[in-house]
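Engineer: Please see the structure below; I have some questions.
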Amino acid sequence: MALESNLRIDGARLWSSLMEMAKIGPGVRGGNNRQALTDDDGEGRALFQRWCEDAGMTMGLDQMGTMFARREGADPKALPVYVGSHLDTQPTGGKYDGVLGVLGGLELVRTLNDLGIKTKHPIVVVNWTNEEGTRFAPAMMASGVFAGQFTQDFAYSQEDADGVRMGDELERIGWKGDEEVGLRKMHALFELHIEQGPILEAEGKEIGVVTHGQGLKWLEFTVTGKESHTGSTPMPMRKNAGLGMARITTLVDEIALSHAPKAVGAIGQCNVYPNSRNIIPGKVVFTVDFRSPDLAVLEDMESRLREGAQAICDTDGLGLEIEQVGGFDPVTFDEGCVTAVRSAAKRLGYSHRDLVSGAGHDACWINAIAPTAMVMCPCVDGLSHNEDEDISEDWARAGTDVLLHAVLETAGIVD
Ligand code: HGY
Ligand code: MN
Ligand code: MN
């Protein structure tokens, strides 16, 4: 059976599933706060499992809690084609970041069931544990363990702000599987995701054909000074860790702008100790997030920041420790999979353009071990990691139609 342009998913059913999932772990302004390994994450997983089983799939669960829902193919020995993303969200997250990729994969299977389409290769829909890395660093944690980028013990030992261990939380919510992580072999993997940037909407394009992903560095800074009275300590005598952080924050901005437009940098997480209104901060711990599609730029930013931060702390009499707590090199996705995405968009008549992903995704790690590509749809004002994140039903449908065609082209249809 040839791939016809009228082969499409059920956009209304997809949208209804997205809205259903969004009810779990609601935020305070219409978005979501369904952080990794919370009870809300557990509830979202249970709903996803129910839907997958209703669609005739069998669920696998590995020791990092990643969920693999399998639809059999005509050739059970053929390596499966994987689709999926993540159901965990940021604390002030949107309803679509990650979720569209998981439920888009489910909708793809529901559509194949409706039409009685059999594929040669099995299809597996994945929910990767802890993609966001907001509660437990680093981001893309489970896919990183799966791709051999860090050990399972390291992942289990990571603690949240309250000192709770990732491995213990996985156990507590009851989603730690028996399957050894990383044994599964993949024919290919496709991840559908919202762009989380402004380009597609600004250019009026419905589909992003993701050719590359920019690289990332997360550097955790610990700046130490001396706690003392904010009122009675003369200015020249202060060792103000908060001032050190402020100067380093400005340096992060200067370095990123010096490589514009091929670099970005910011500090998203910061903890001040003892965080009392009338005590000069004795310690500040914060994470710098540097990104660029160019590895040499990433490395230049890191070395200039390390040097500059040391000079700031030497001048201000402050202690400094820097630890890399996350990162991956820029990614070039698989040419064959990217072509499958592009020809799917063409066949379906969706406007499209090549795109470099600004955000990190599980696909960025999996690309190291299997042919991988991504499909992106626009989001309103390019906004994400904000409860106002929004997409249209048409954009969700277009992205999932393209995912369906790219997967069918790769998995093969058996007449
Ligand atoms: O940080 C990222 O790029 C992803 O949203 N976790
Ligand atoms: Mn995401
Ligand atoms: Mn995200």
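Engineer: Residue under question is I369, and the condition is that it be surrounded by 15 or more Cβ atoms within 10 Å (Cβ to Cβ), outside any helix (DSSP H, G or I) and at pLDDT 95 or above; does it hold?
Structural biologist: Values: surrounded by 15 or more Cβ atoms within 10 Å (Cβ to Cβ): yes; outside any helix (DSSP H, G or I): yes; at pLDDT 95 or above: yes.
Judged against the criteria, I369 is a match.
Engineer: Name the residues in the range 1-33 that are under 14 Å from T92 (Cα atoms), among the aliphatic types (A, V, I, L, M) and either in a loop (DSSP other than H, G, I, E, B) or more than 21 Å from the chain's Cα centre (by Cα) (or both), would you?
Structural biologist: Keep residues of the range 1-33 that are under 14 Å from T92 (Cα atoms), which gives 22, 24-33.
From what is left, the residues that are among the aliphatic types (A, V, I, L, M) are 22, 24, 28.
Answer for the range 1-33, where residues must be under 14 Å from T92 (Cα atoms), among the aliphatic types (A, V, I, L, M) and either in a loop (DSSP other than H, G, I, E, B) or more than 21 Å from the chain's Cα centre (by Cα) (or both): I24, V28.
For (1) out of contact with any helix residue (DSSP H, G or I) (no Cβ under 9 Å at 6 or more places or on another chain); (2) over 27 Å from N386 (Cα atoms); (3) in a helix (DSSP H, G or I), each residue gets a yes or a no:
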residue: G163; (1), (2), (3): yes, no, no
residue: G167; (1), (2), (3): no, yes, yes
residue: L170; (1), (2), (3): no, no, yes
residue: R184; (1), (2), (3): no, yes, no
residue: L189; (1), (2), (3): no, yes, no
residue: H193; (1), (2), (3): no, no, no
residue: H212; (1), (2), (3): yes, no, no
residue: V223; (1), (2), (3): no, yes, no
residue: G242; (1), (2), (3): yes, no, yes
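Engineer: Please find, within the range 286-304, the residue that is surrounded by the most Cβ atoms within 10 Å (Cβ to Cβ) out of those that are under 19 Å from the mean Cα position of the chain (by Cα) and of a type in the set (D, E, K, R).
Structural biologist: If we take residues in the range 286-304 being under 19 Å from the mean Cα position of the chain (by Cα) and of a type in the set (D, E, K, R), then R291 is surrounded by the most Cβ atoms within 10 Å (Cβ to Cβ).
Engineer: If you take the residues of the range 36-77 that are touching an Asp or Glu at 6+ places or on another chain (Cβ under 8 Å) and among the acidic types (D, E), which of them is farthest from S17 (Cα to Cα)?
Structural biologist: The residue in question is D62.
Engineer: Something else: Only one of these conditions is not met by N386: (1) over 16 Å from G208 (Cβ atoms); (2) surrounded by 24 or more Cβ atoms within 10 Å (Cβ to Cβ); (3) not acidic (D, E). Which number is it?
Structural biologist: Tallying (1) over 16 Å from G208 (Cβ atoms); (2) surrounded by 24 or more Cβ atoms within 10 Å (Cβ to Cβ); (3) not acidic (D, E), N386 fails exactly one: (2).
Engineer: Still on this structure: What number goes with the only condition from (1) surrounded by 23 or more Cβ atoms within 10 Å (Cβ to Cβ); (2) within 13 Å of ligand 2 (Cβ to nearest atom) that I123 does not pass?
Structural biologist: Failing condition for I123: (2).
Engineer: Out of curiosity, is R342 assigned to a helix (DSSP H, G or I), among the basic types (K, R) and in contact (Cβ under 8 Å) with a residue 60 or more places away in the chain?
Structural biologist: Working: assigned to a helix (DSSP H, G or I): yes; among the basic types (K, R): yes; in contact (Cβ under 8 Å) with a residue 60 or more places away in the chain: yes.
Yes; evaluated as a whole, the condition is true for this residue.
Engineer: Take T211 and decide whether it is surrounded by 18 or more Cβ atoms within 10 Å (Cβ to Cβ) and touching an Asp or Glu at 6+ places or on another chain (Cβ under 7 Å).
Structural biologist: On the way: surrounded by 18 or more Cβ atoms within 10 Å (Cβ to Cβ): yes; touching an Asp or Glu at 6+ places or on another chain (Cβ under 7 Å): yes.
So T211 passes the test.
Engineer: Something else now. Just for the range 92-110: of the residues that are more than 12 Å from L403 (Cα to Cα) and of a type outside the set (F, W, Y), which one is farthest from ligand 2 (Cβ to nearest atom)? Working first, answer last.
Structural biologist: Residues of the range 92-110 more than 12 Å from L403 (Cα to Cα): 92-99, 110.
Imposing the further condition that a residue be of a type outside the set (F, W, Y) reduces the set to 92-95, 97-99, 110.
On the way: T92: 14, G93: 9, G94: 10, K95: 12, D97: 4, G98: 4, V99: 9, R110: 22 Å.
Top of the filtered list is R110.
Engineer: While we're looking at this one, here's another question. Report yes if some residue within the range 172-188 is more than 25 Å from R135 (Cα to Cα), surrounded by 21 or more Cβ atoms within 10 Å (Cβ to Cβ) and not aliphatic (A, V, I, L, M); otherwise report no. Write out each step before concluding.
Structural biologist: Here is the first cut: in the range 172-188, the residues more than 25 Å from R135 (Cα to Cα) are 183-188.
Next cut, surrounded by 21 or more Cβ atoms within 10 Å (Cβ to Cβ) only: 188.
So of that shortlist, the ones also not aliphatic (A, V, I, L, M) come out as none.
There is no residue in the range 172-188 that is more than 25 Å from R135 (Cα to Cα), surrounded by 21 or more Cβ atoms within 10 Å (Cβ to Cβ) and not aliphatic (A, V, I, L, M).
Engineer: Moving on. Need the failing condition index for C364 against (1) part of a loop (DSSP other than H, G, I, E, B); (2) within 16 Å of ligand 3 (Cβ to nearest atom), just the number.
Structural biologist: Only one criterion in (1) part of a loop (DSSP other than H, G, I, E, B); (2) within 16 Å of ligand 3 (Cβ to nearest atom) is unmet by C364, namely (1).
Engineer: Would you call L355 in a helix (DSSP H, G or I), among the aliphatic types (A, V, I, L, M) and over 15 Å from the mean Cα position of the chain (by Cα)?
Structural biologist: Numbers: in a helix (DSSP H, G or I): no; among the aliphatic types (A, V, I, L, M): yes; over 15 Å from the mean Cα position of the chain (by Cα): yes.
In short, no.
Engineer: Go through the range 34-152 and tell me which strands (runs of 3 or more DSSP E), entirely inside it, have 1 or more residues that are within 16 Å of ligand 1 (Cβ to nearest atom) and of a type outside the set (G, A, S). Full working, then the answer.
Structural biologist: Values: elements: 58-61, 67-71, 81-85, 123-127.
Because the criterion is at least 1 residues that are within 16 Å of ligand 1 (Cβ to nearest atom) and of a type outside the set (G, A, S), the strands (runs of 3 or more DSSP E) in the range 34-152 that meet it are 123-127.
Engineer: Can you pull out every residue in the range 256-285 that is part of a helix (DSSP H, G or I) and either buried (at least 16 other Cβ atoms within 10 Å of the Cβ) or of a type in the set (S, T, Y) (or both)?
Structural biologist: Here is the first cut: in the range 256-285, the ones part of a helix (DSSP H, G or I) are 256-258.
The answer is A256, S258.
The values are calculated or read from the model by the stated rules, or taken from the named source; none is laboratory data. Since we're looking at a predicted model, the values are computed, not measured. Glycine gets a Cβ as well: all are built from the backbone with ideal geometry, and neighbour counts include every protein chain shown.
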